[in-house]
Amino acid sequence: MFQFTKYLITLLFLFWGTFCSAQELSEEVEYVPEYRLEYRNRIYNDQIHTINFHKGGSSAGLAIINLGGGEKLELTFDDFSMKVEDLNYRIVHCDDEWNPTPIQYFQYITGIEEPFINDYTFSTAFNQSYVQYKLYLPNEEIRFRISGNYLVYVYRNGDPTKLLLSHRFYVTEDKVQLKATIHPAFKPAYREKKHEIDFSIDYSNYQIINPADAIKVVLIQNNRTDNAINDLKPLFVSGNTLEYNHNGPNSFWAGNEQRFADLRNLNLKSENIDGFVTRIDSTHVFIEPMEERRMHRQGNLLGSLYGGRVIGSNSFNHTTASDIDYCMVYFYLKQENKDPNGDFYVFGELSNFELSERFKMEYEPEKKRYRLAVYLKQGMYNWQILYSRDGRSGDINRIENSFKEAENSYSILVYHKDITADYVRLIKHTALFFPSEQSQFRFNLNRD
């Protein structure tokens, strides 16, 4: 009997030790899905929110700086996990079609290959705790050696499979002269609905072999890349000037004025806000239900953000970017039936100018509407509703319609595919606005 009792006690100790070890292991191990890096704007981790990536001191436009010009890009993002871990980032040079360039890191960057992000701040917001990370490019650890398209991606603990985000940006030179105009399309069928961009490139002071083939031009509307025009050839060559005065291929659907909401004050029912619900630990904001637009809508009195946003709060106790809070925002789109062929997306800088799953609307048949609930940081927001059949390219006309009076921003990027070099240079960037540059939104709120 004594031997049996001793044997039973031994088994219990072994079982308890195994149980405790398993429990400790389960507490220490966290499964993190592995993602394949994509060379586009993307959030890979659900804890990451509000990516801002602009030239320092600006709150709109492409993330673009001049090579050796002394300018800096500022990347910020919020991490809801509240885990302060080592965050690394890496820079990749890409060609004009966003494929990685087959050259060594030291050929396009001077500095460290996998530096850390050391600038972070704990939020003091009431509803949502987060850690805000900030990175300036270039910095003391890296310098750009060549122009072109670039991608930055961020990951945890030196492990590139633990991706957090990736984002495109540009480093440009100023090697050629560019003149451009924007006007309603010439073709009668599109005159009331499209904007056309005519431009010329003067390369008198820059040597190019076979310029008609070596020069590649990309046109971008409101920071969108899903509808970018990237297959233009010059209509003709006059001396050292390439002329792109096409009649159709260089035109965009004008769309409508951006939808707008001011979320800086969560107690003020401003334009396009239907109401608020405030709870102990959260604030819920309901945007007025949206419908298909049949007419051109006048823009907001403050001007257009061209699909962008300006993060900020006008509450008396919010003085820095890390004080700014989050709220749950509800978007509704009235539709009698669910579309069987495609989906609707809330689109703009709030979605990183991507057709993002996080911003795809879901249909509620009993209420005959599409719905999206998403966490947004306080600030002023523009957005539009895009319709997509494939999740890659969006149709502005399905909901917003198009009118020539609509305000839009445009970027012209000029690339040089030099046969003597191993990479594609970005030799010119020009930003344009319709109807005029004076309409550009210029607010900068609560920037540290």
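Here are some notes:
- Scanning the stretch 111-154 for residues that are farther than 23 Å from Asn99 by Cβ and of a type in the set (S, T, N, Q) returns Asn118, Thr121, Ser123, Thr124, Asn127, Gln128, Ser129, Gln132, Asn139.
- Flag for Phe344 being closer than 30 Å to Thr124 by Cβ, crowded, with 19+ Cβ neighbours inside 10 Å and at pLDDT 95 or above: no
- In the stretch 244-266 there is no residue that is of a type in the set (D, E, K, R) and more than 21 Å from the chain's Cα centre (by Cα).
- Considering residues of the stretch 147-176 that are of a type in the set (D, E, K, R) and closer than 30 Å to Ser204 by Cβ only, the residue surrounded by the fewest Cβ atoms within 10 Å (Cβ to Cβ): Asp174
- Candidate set from the stretch 90-123 (those that are part of a loop (DSSP other than H, G, I, E, B), within 16 Å of Arg145 (Cβ to Cβ) and of a type in the set (S, T, N, Q)); member that is farthest from the chain's Cα centre (by Cα): Gln104
- Residue list for the stretch 100-156, filter: within 21 Å of Lys417 (Cβ to Cβ) and free of Cβ contacts under 8 Å to residues at least 24 places away in the same chain: Gln104
- Residue-level analysis places Ile419 outside the set of residues that are β-branched (Val, Ile, Thr) and either within 22 Å of the chain's Cα centre (by Cα) or at pLDDT 95 or above (or both).
- Filter pass, Leu219 being under 27 Å from the mean Cα position of the chain (by Cα), modelled with pLDDT of 95 or more and not hydroxyl-bearing (Ser, Thr, Tyr): yes
- The sole residue among Leu350, Leu333, Leu305, Leu355 that is aliphatic (A, V, I, L, M) and modelled with pLDDT under 95 is Leu305.
- Among the residues making up the stretch 124-140, those that are assigned to a loop (DSSP other than H, G, I, E, B) and either surrounded by 15 or more Cβ atoms within 10 Å (Cβ to Cβ) or not charged (D, E, K, R) (or both) are Thr124, Ala125, Phe126, Asn127, Gln128, Ser129, Tyr130, Pro138, Asn139.
- Selected residue (criterion: farthest from Ser409 (Cα to Cα)) from residues of the stretch 149-182 that are part of a strand (DSSP E or B) and more than 27 Å from the chain's Cα centre (by Cα): Gln177
- Within the stretch 268-296, no residue that is not assigned by TED's automatic domain parsing to the domain that holds Asp325 sits with its Cβ atom under 6 Å from a residue that is among the basic types (Lys, Arg) at 6+ positions apart or across chains.
- Qualifying positions in the stretch 261-291 - surrounded by 15 or more Cβ atoms within 10 Å (Cβ to Cβ) and closer than 23 Å to Gln128 by Cβ: Ala261, Asp262, Leu263, Arg264, Leu266, Ile273, Ser282, Thr283, His284, Val285, Phe286, Ile287
- Scan of the stretch 35-57 for residues that are under 17 Å from Ala321 (Cβ atoms) and surrounded by 17 or more Cβ atoms within 10 Å (Cβ to Cβ), ordered by number: Ile48, His49, Thr50, Ile51, Asn52, Phe53, His54, Lys55
- For the stretch 356-386, the candidate set comprises residues that are exposed (fewer than 14 other Cβ atoms within 10 Å of the Cβ) and free of Cβ contacts under 8 Å to residues at least 40 places away in the same chain; within that set, the residue that is farthest from Gln335 (Cα to Cα) is Glu357.
- Qualifying residue in the stretch 197-205 (condition: of a type outside the set (A, V, I, L, M), in the same structural domain as Val346 (by TED's automatic domain parsing) and part of a strand (DSSP E or B)): no
- For beta carbons closer than 6 Å, sequence separation of 6+ or different chains, a first residue in the stretch 224-248 that is in the same structural domain as Tyr190 (by TED's automatic domain parsing) and a second that is of a type in the set (Phe, Trp, Tyr) and surrounded by fewer than 17 Cβ atoms within 10 Å (Cβ to Cβ), the qualifying pairs are Glu243/Phe236; Asn247/Phe186.
- From the list Arg358, Arg398, Arg389, Arg369, the lone residue that is of a type in the set (D, E, K, R) and closer than 15 Å to Pro289 by Cβ is Arg369.
- Selected residue [in contact with a strand residue (DSSP E or B) (Cβ under 8 Å, 6 or more places away or on another chain) and at pLDDT 95 or above] from Leu426, Leu445: Leu426
- So Ile209, is it modelled with pLDDT of 95 or more and of a type in the set (A, V, I, L, M, F, W, C): no
- When the stretch 101-123 is filtered for residues that are of a type in the set (Phe, Trp, Tyr) and surrounded by 17 or more Cβ atoms within 10 Å (Cβ to Cβ), only Tyr108 remains.
The values are calculated or read from the model by the stated rules, or taken from the named source; none is laboratory data. Because the structure is predicted, anything quoted here is derived from the model rather than measured. All Cβ positions, even for glycine, are placed from backbone atoms using ideal geometry, and neighbour counts span all protein chains on display.
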